[in-house]
1. With the crude spin-label approximation of a point 7 Å out along Cα→Cβ, what separation in nm comes out for Gln133 versus Lys32?
2. Where does the longest stretch of the chain lie that holds no GluC sites (Glu not before Pro) found in a DSSP loop with 11 or fewer other Cβ atoms within 10 Å?
3. Run the helix sum for the chain: -39,500 (n - 2.57) per DSSP H stretch of 4+ residues, divided by residue count, reported at 222 nm to the nearest 500 deg cm²/dmol.
4. Tell me which of Gln80, Ser70, Ile39 sits at the most positive position along the dipole axis of the chain, charges placed on C-beta atoms (Lys, Arg +1; Asp, Glu -1).
5. Which of the residue pairs Lys66/Lys113; Lys81/Lys170; Lys40/Lys107; Lys21/Lys92; Lys38/Lys135 have a Cα-Cα distance greater than 25 Å in the structure shown?
6. Please compute, over every Cα-Cα pair in the range 5-184, the percentage with a separation greater than 24 angstrom.
Amino acid sequence: MATTKEEKTNLNTLTEAFLEKEVLDAGVNILKETDVEKIKSDADAISKAFGTDSSFSFSDTTAESKLVESFNSNLTLLIQKTWVESSDAGLKEQVLYQLEQFNTLAKSGEWDKSYAPFIKIIYDAVYLMFGSQAKKDDFLEYAFRVDPEFGTFWWYLHMLPQECDWPAEKCRVLVLLGMYFLANY
């Protein structure tokens, strides 16, 4: 779905109202950057906007392993406990299955293969939690107003492409950043 110039202006005004310029710049930079250390620096700036008390180290393998486990446990529990319409029960089961598959990829370090499934899982999980509201054009504004940290996460996720051909290390940092928010939410 193409975004009109007016929609882009409204989106920019909205994000500028909720996010600091440093975070917005990090979001723009992280997409086009190829240097892994600069990507990590931009990811750190974004992680601080998630409202967590600490930064995530993108170089600590022990912390990464704990994050993967925490993310999987938290998201599995969240999806299992989310009440859904009977018409969405199949999607709920599908997301739980996809989460298991994603977890296997993440644990084996196949970050380039886990990127697209991660994005899909999160979009589907948010749909399960918020229903059709999550697919409306004004959902980002809604998310910012309901919970600014969740709005920041949704902005982050929304700016990422659904699929990419980035190197595994860039995918790793971007997926870990999304996991970091959800593991601490």
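1. 3.5
2. Within the chain, the longest run free of exposed GluC sites (Glu not before Pro) spans 1-84.
3. For the chain, the value works out to -24500 deg cm²/dmol.
4. Value computed over the given set: Gln80.
5. Lys81/Lys170; Lys21/Lys92; Lys38/Lys135
6. 36
None of the figures in this text is laboratory data; all of them are computed from the coordinates on show. Source: prediction; values computed, not measured. Note that we place each Cβ from the backbone using ideal geometry, even for glycine, and neighbour counts take in every protein chain shown.
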